[in-house]
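Engineer: Quick one: the structure is below, and I'll ask about it shortly.
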Amino acid sequence: MTELRWSAVKSHKTFLCKLDERPTGRQARAVGGRLSRFSYDDTGFKYLFGYRLANARAATDEGVGLVVSLQAGEAMALPNASIKILMCGRAYETYSDEELSFRYLSKSPVTPLALSPNYNLSPTQNSPVLRLVAGERQFDQMRWQLVPAWEPAFTTKLSTINARSETVFESRLYRHLVVRRRCIVPLSGFYEWKKADDGKRPFKIHLRDEPIMSVAGIWDTWHPGAPEERYSFSIMTTAANEFMREIHDRMPVILDRQYEDAWLDPEIHEQEALQKLLKPCPSSWLVAAEISTLVNSPKNNTPAVLQPVAAKSS
DNA sequence: CCAGACGTTGTT
DNA sequence: GTCTGG
DNA sequence: CCAGACGTTGTT
DNA sequence: GTCTGG
């Protein structure tokens with residue numbers, strides 16, 4: 001029997017351990033901790049919550065998954081264990097219809113988008129997106145998190161809120177989109193969380209000299225032509241520039257205004273030409289301010305989210 | 001041929 | 001839908 | 001990105 | 001921990 005002591009655990013939490021051998025129900029029952037909510041199947045496998053079942057079965061080649069919950073400092077004994085412990089975007093849009101139209105269409109809004117400020121744009125929410133339709137710039141509301149056309153429902157389990165610019169031309173999922181379906185996501189700014197000893201500290205990042213940044217994106221149509229037709233998009237990411245590296249090692253691709261036309265033009269297909277646009281913007285374009293953790297919950301959508309906290313050395 | 005992946009970020 | 005792996 | 005859920009049987 | 005939802 002090997003004993004584990006979870007001294008690092010600060011509060012009640014659930015862990016996934018990986019065992020070389022499956023504990024029997026009796027042993028597992030005897031070890032203490034908070035095991036009252038396990039269930040069993042008829043082969044003696046032990047589960048906590050339904051989806052753990054799949055994890056446990058999938059792991060049989062390398063060991064068996066067992067989920068346990070312990071209080072801080074609680075110990076738990078496990079049989080025959082060389083135990084491995086598997087413990088292992090957000091943005092804001094405060095511009096108006098008018099500001100958006102003058103910035104990108106050089107005119108008043110023809111078909112108003114009826115925008116209201118979003119201080120906490122989160123994945124799966126809609127955002128106005130600029131693309132070229134029949135040669136004309138056009139805004140449409142699209143869902144942030146690209147849903148591939150072949151998904152049976154307008155949702156996906158894939159992590160498609162971002163697309164890595166370094167590999168997007170090789171990606172089975174994205175490569176045909178980056179060649180023909182590019183778009184611009186107009187953001188007032190975006191948020192990043194900086195890891196610190198005391199947890200994650202959120203920052204807002206925006207352009208120093210412009211109220212709106214043009215973020216490179218790709219979009220797709222789900223069930224094209226059908227009544228339930230929907231649009232969705234993904235934001236291109238790249239390595240952090242020197243400025244952003246203080247906060248995070250990745251950042252969105254912010255386009256130079258002179259390259260916006262090229263990025264939107266669906267007739268441009270050459271990878272080399274497009275790849276040149278997918279670079280980190282100059283550090284001098286950006287400013288950042290630490291904000292409160294109010295931003296953490298997507299439910300908080302008020303101007304207070306943008307309020308800087310007192311300056312602090314980092 | 002069919003089955004299964006297709007993605008990102010961050011952490012160990 | 002399209003590609004890779006078995 | 002973060003927040004929040006994550007389960008069953010039987011009984012009231 | 002993993003997964004889903006916003």
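Coordinate-derived values only; no laboratory data. Because the structure is predicted, anything quoted here is derived from the model rather than measured. Counting neighbours? That spans all protein chains shown, and the Cβs are built from the backbone with ideal geometry, glycine included.
Engineer: Note down the magnitude of the dipole of the stretch A:91-306 about its Cα centre, charges +1 on Lys and Arg C-beta and -1 on Asp and Glu C-beta and zero elsewhere, to the nearest 20 debye.
Structural biologist: The dipole magnitude comes to about 440 debye.
Engineer: Still on this structure: Based on the mean of other Cβ atoms within 10 Å per residue, sort peptides A:166-172, A:232-238, A:127-133 so the most packed one is first.
Structural biologist: Packing order, densest peptide first, comes out as A:232-238, A:127-133, A:166-172.
Engineer: Going 7 Å from the Cα of A:GLN275 toward and past its Cβ, which residues in the stretch A:201-216 have a backbone nitrogen under 20 Å from where you end up?
Structural biologist: Inside the label zone: A:216.
Engineer: Lys/Arg Cβ at +1, Asp/Glu Cβ at -1, dipole of the stretch A:91-306 taken about the Cα centre: which of A:PRO227, A:PRO202, A:PRO109 is farthest positive-ward?
Structural biologist: Result: A:PRO202, furthest along the dipole toward the positive end.
Engineer: Report the full-extension gain for the segment A:SER159 to A:ALA196: residue separation times 0.36 nm, less the Cα-Cα distance, to one decimal in nm.
Structural biologist: Stretched out fully, the A:SER159 to A:ALA196 stretch lengthens by 10.8 nm.
Engineer: Given charges of +1 on the Cβ of Lys and Arg and -1 on the Cβ of Asp and Glu, with all other atoms neutral, how large is the dipole of the stretch A:157-280 about its Cα centre, in debye to the nearest 20?
Structural biologist: Charge dipole, the stretch A:157-280, about its Cα centre: 440 debye, nearest 20.
Engineer: Give me the one-decimal nm value for the distance between modelled label points at A:GLU210 and A:VAL287, 7 Å along each residue's Cα-to-Cβ direction.
Structural biologist: 1.6
Engineer: Would you mind classifying the stretch A:91-306 by shape? Square roots of the alpha carbon gyration tensor eigenvalues, ordered a ≥ b ≥ c; an a/c under 1.5 is rounded, otherwise it is prolate if a/b is larger than b/c and oblate if not.
Structural biologist: It comes out rounded by the Cα gyration axes.
Engineer: Right, next: How high is the FRET efficiency between A:GLU267 and A:HIS176 when r is their beta carbon distance and R₀ equals 25 Å, given to the nearest 0.05?
Structural biologist: For R0 = 25 Å, the calculated efficiency reads 0.95.
Engineer: Please get the size of the charge dipole for the stretch A:156-219, origin at its Cα centre, with Cβ charges of +1 on Lys and Arg and -1 on Asp and Glu, quoted in debye to the nearest 20.
Structural biologist: My answer is approximately 320 debye.
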